[in-house]
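Have a look at the structure below before the remarks.
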Amino acid sequence: MTASGISRREARRQAVILLYQRDVTGLPVPELVENALRAGEHADDPFTGELVDGVEADRAALDARITEAATGWSAERIAPLERNILRVAILEISAGDVPVPVAIDEAIEMAKKWCAAEAPAFVNGVLGRVAREAPEAAA
């Protein structure tokens, strides 16, 4: 559970939604958070904010890792929802604050729920390559 009492899974989901909306609408994150709060979402959760801030701060590096790992695809060509699922998972893999299999499983579950039928396998493949290249994988 996070500080606001929601699960880390729910906080990840909320982070992906906010980041997706940011990509699609171009609206600033604080405005998207306000909209989500009015809709009854837990968008002000500290862990959600940490994930969103981390992706926003490292967007270029995260996208470069996606492009490297997504054979034949650049991050810009990947659907916005899948791209943000990957960004959050790669951020968590890089930070090392959750076990790599957990980050990958959470991302695959979101892709199964929200994306096209081929998305879970794509997300799994990209994250598998990222995980193999992560410093903690070499240890």
Hey, in the GNM for the chain with a 10 angstrom Cα cutoff, which one of L62, L18, L32 fluctuates hardest?
L32
Once both labels are modelled 7 Å past Cα along the beta-carbon direction, what's the N35-T67 spacing in nm?
2.7
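Going through the DSSP H helices of the chain, which span 20 Å or more along their own axis at the Cα atoms while scoring at least -0.5 as a mean Kyte-Doolittle hydropathy?
Passing helices, by number: 46-69, 80-95, 100-114, 119-133.
222 nm [θ] for the chain, helices only, -39500 (n - 2.57) per DSSP H run of 4+, per residue, to 500? Provide the component values of the computation, followed by the final result.
Details: 7 runs with 102 residues, N = 139.
Rounded to the nearest 500, it is -24000 deg cm²/dmol.
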Using a Gaussian network for the chain with springs between C-alpha atoms less than 10 Å apart, which of these wobbles most: P30, P120, P80?
P30
Cα-Cα pairs in the range 33-110 separated by more than 16 Å, as a whole percent of all pairs, come to 55
With the chain treated as a Gaussian network of Cα nodes joined by springs under 10 Å, which of L37, L91, L51 yields the largest mean-square fluctuation?
L37
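Restricting things to alpha carbons, find the Rg to Rh ratio for the range 43-85 using the Kirkwood radius for Rh.
Details: Rg = 11.7 Å, Rh = 11.2 Å.
On the Cα set of the range 43-85, Rg over Rh gives 1.05.
Which semi-axis lengths, in whole Å and largest first, follow from the square roots of five times the eigenvalues of the Cα gyration tensor of the chain?
23, 17, 14
Rule-based calculations on the coordinates, nothing more; no lab input. Worth saying up front: this structure is predicted, and the values here are computed from it rather than measured. Cβ atoms come from the backbone with ideal geometry, glycine included; neighbour counts cover every protein chain shown.
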